[in-house]
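Colleague: First, the structure itself, so that you have it in front of you.
The values are calculated or read from the model by the stated rules, or taken from the named source; none is laboratory data. Everything quoted here is computed from the prediction, not taken from an experiment. Cβ sites come from the backbone with ideal geometry, for glycine too, and all protein chains shown count toward neighbours.
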Amino acid sequence: MKRTLLAVGVIVSLISGSSMAKEFVLIDQAKGMTAGNWQVTERDLAVSDNLTFSVKNQILHGGKQEGSQRITIRSGDFAINLSPTRGMGILSVVGNGVRLGWDSPVDEVVNPAFINLDSRGGLGWLEGFNEMMVRCGFEWTGHPVIADGTIYSLHGRAGNTPVSQLIVDIEDQPPYTITVKGLIKENTFKKGHLETWASLSYVPGTNSFTVHDILTNRGDYPRDYQIIYHSNFGPPLLEQDAQFIAPVKAISPFNDYAKQGLDSWQSYLGPTNGFDEMVFNIYPYADAQGQTQVMLTNKAGDKGAGIAFNINQLPVLSLWKNTDTLKQGYVTGLEPGTSFAYPVTIEREQSRVRQLAPGQSTAFTLTYSLLADKTAVDRYQAQIRAIQGDRQTEVIAQPLAEE
């Protein structure tokens, strides 16, 4: 039995196998409804276990975040903040004294209505960029380029697309998994007709959560797609001598500027005046099932962030180092994707742009872990080392392409 609660308070019963869950519909574009400011807690669901959690939706006001919505999932001191207005991007995660996220000069949850993606030569996307994780895609991604009469702006449109439907699903039985899912539509007359159900699932009381997205081509013609899960971390994880740890099959510099950092790609500088962004292209190793994982740890190795994904879905990873000053945005990006961040024209030439047939769907699953102590960091690192095994890392001195 599954019960769906609309904002107007109507309860509808639906058959859903043997599982029990409650669904709260917060946005439904087809019905022209939104729940606005809203909250549910374990008390509302009559959870008798010794467990506390809540899900809260808030309408933001002031400045360029006017009208944006923010959802907060909370369990104890662990909290996940995400924005259905900004393509279900994850704004930040905090717990056990560790923050996953960064301090961007953009300090508002910018409503996409105030952003022109084509401005600044196709770099308008940067005017809202401050998320811990933003989806770069799905129609295209990468650096801006003009081709075939089309402006392919930086990193696509999904991250600046408000969801057309928003649903919160909470299991009635242990482990009381909370899932927030939103429908992202990239529909353009005579062009793309891609729709993505973007979801985040969290088990209360844990230090990890899973992103699961299903992308579908709703059109009558084959369509290209790309995705980069731009996952960004600053202090307290990022600092002088912080470490990036991954099972790396091959690594190359993105451009000539990155060549000078190739010998030290696994470690980080502290905040550095005048540092330009430095990017590396990585093909990761994986286990027999295609599963791999990567991590960022602080210098002491007692705090970290891990990302697990499957290379059959996301075959490459971009490592972005932006160790500029704190006010400029001191941040690194661990970015699993179908493509590297070169313009879509280059990614097509190098056969990294995938395609969906009419009606076809594809899925992406990533699990993020907040590693709050040395034991958790050591365990995660041991799993990475096991994937690498005795396989060597190929260091390629030249960029794969030139923009």
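Colleague: Which condition does SER351 not pass, out of (1) part of a helix (DSSP H, G or I); (2) free of Cβ contacts under 8 Å to residues at least 12 places away in the same chain, if it passes all the others?
Modeller: Answer for SER351: the failing condition is (1).
Colleague: Cβ contacts < 9 Å: first residue within 22 Å of TYR268 (Cα to Cα), restricted to segment 284-302; second residue of a type in the set (Asp, Glu) and part of a loop (DSSP other than H, G, I, E, B), any location; separation 6+ or different chain. Result?
Modeller: ASN298/GLU239; ASN298/ASP241; LYS299/GLU239; LYS299/ASP241; ASP302/ASP373
Colleague: Check segment 303-321 and report whether any residue there is assigned to a loop (DSSP other than H, G, I, E, B) and under 15 Å from the mean Cα position of the chain (by Cα). I'd like the intermediate steps shown before the answer.
Modeller: Pass one, segment 303-321, residues assigned to a loop (DSSP other than H, G, I, E, B): 303, 311-315.
Filter again for under 15 Å from the mean Cα position of the chain (by Cα), leaving 313-314.
Scanning segment 303-321 turns up at least one residue that is assigned to a loop (DSSP other than H, G, I, E, B) and under 15 Å from the mean Cα position of the chain (by Cα).
Colleague: A follow-up question, please. Within 20 Å of the chain's Cα centre (by Cα), crowded, with 19+ Cβ neighbours inside 10 Å and either on the phi < 0 side of the Ramachandran plot or in contact (Cβ under 8 Å) with a residue 40 or more places away in the chain (or both): is that true of PHE254 in this structure?
Modeller: Against the criterion (within 20 Å of the chain's Cα centre (by Cα), crowded, with 19+ Cβ neighbours inside 10 Å and either on the phi < 0 side of the Ramachandran plot or in contact (Cβ under 8 Å) with a residue 40 or more places away in the chain (or both)), PHE254 does not qualify.
Colleague: What pairs come out if I take residues in segment 154-166 that are touching a residue at least 12 places away in the same chain (Cβ under 8 Å) and pair them with residues that are among the hydroxyl-bearing types (Ser, Thr, Tyr) and assigned to a loop (DSSP other than H, G, I, E, B) whose C-beta lies under 7 Å away, six or more apart or interchain?
Modeller: The qualifying pairs are HIS155/THR141; GLY156/THR141.
Colleague: Is it true that VAL163 is hydrophobic (A, V, I, L, M, F, W, C), at pLDDT 95 or above, surrounded by 17 or more Cβ atoms within 10 Å (Cβ to Cβ) and over 21 Å from LEU194 (Cα atoms)?
Modeller: no
Colleague: Something else: So in segment 99-120, with the set limited to residues that are in a loop (DSSP other than H, G, I, E, B) and touching a strand residue (DSSP E or B) at 6+ places or on another chain (Cβ under 8 Å), which one is farthest from TYR368 (Cα to Cα)?
Modeller: ASP118
Colleague: Another one. Out of segment 40-73, which residues are in a strand (DSSP E or B) and either out of contact with any Ser or Thr (no Cβ under 6 Å at 6 or more places or on another chain) or crowded, with 18+ Cβ neighbours inside 10 Å (or both)?
Modeller: VAL40, VAL55, ASN57, GLN58, ILE59, GLN69, ARG70, ILE71, THR72, ILE73
Colleague: Here's another thing I want to ask about it. Can you find, within segment 336-388, the residue that is nearest to ASP220 (Cα to Cα) among those that are of a type in the set (Asp, Glu) and surrounded by fewer than 19 Cβ atoms within 10 Å (Cβ to Cβ)? Don't jump to the end; show me each part of the working.
Modeller: Going residue by residue through segment 336-388, those that are of a type in the set (Asp, Glu) are 347, 349, 373, 378.
Within this subset, residues satisfying the condition of being surrounded by fewer than 19 Cβ atoms within 10 Å (Cβ to Cβ) are 349, 373, 378.
On the way: GLU349: 25, ASP373: 51, ASP378: 49 Å.
The selected residue is GLU349.
Colleague: Further, regarding this structure: Looking only at segment 182-201, filter to residues that are among the β-branched types (Val, Ile, Thr) and not in a loop (DSSP other than H, G, I, E, B); which one of those is surrounded by the fewest Cβ atoms within 10 Å (Cβ to Cβ)?
Modeller: Initial filter on segment 182-201 (among the β-branched types (Val, Ile, Thr)): 184, 188, 196.
Applying the additional criterion that residues be not in a loop (DSSP other than H, G, I, E, B) yields 184, 196.
Working: ILE184: 25, THR196: 27.
Taking the candidates together, the pick is ILE184.
Colleague: Could you please find all residues in segment 168-188 being among the aromatic types (Phe, Trp, Tyr) and modelled with pLDDT under 95?
Modeller: Once the filter is applied, which keeps residues that are among the aromatic types (Phe, Trp, Tyr) and modelled with pLDDT under 95, segment 168-188 yields nothing.
Colleague: Is segment 377-386 home to any residue that is in contact with a Lys or Arg (Cβ under 9 Å, 6 or more places away or on another chain), modelled with pLDDT of 95 or more and under 29 Å from THR297 (Cβ atoms)?
Modeller: Yes - at least one qualifying residue is present in segment 377-386.
Colleague: Let me ask something additional. Any chance you could count how many residues in segment 129-160 are modelled with pLDDT of 95 or more and outside any strand (DSSP E or B)?
Modeller: Qualifying residue count, segment 129-160: 17.
Colleague: Quick one: PHE209 ticks every box in (1) of a type in the set (Phe, Trp, Tyr); (2) more than 30 Å from ALA35 (Cα to Cα); (3) outside any loop (DSSP other than H, G, I, E, B) bar one, so which box is it?
Modeller: (2)
Colleague: Would you confirm whether any residue within segment 97-106 is under 27 Å from GLY142 (Cα atoms), within 16 Å of the chain's Cα centre (by Cα) and either at pLDDT below 95 or of a type in the set (Phe, Trp, Tyr) (or both)?
Modeller: yes
Colleague: Can you tell me which residue is surrounded by the fewest Cβ atoms within 10 Å (Cβ to Cβ) among those in segment 279-302 that are under 20 Å from the mean Cα position of the chain (by Cα) and over 19 Å from TYR368 (Cβ atoms)?
Modeller: Per the criteria, the residue is TYR283.
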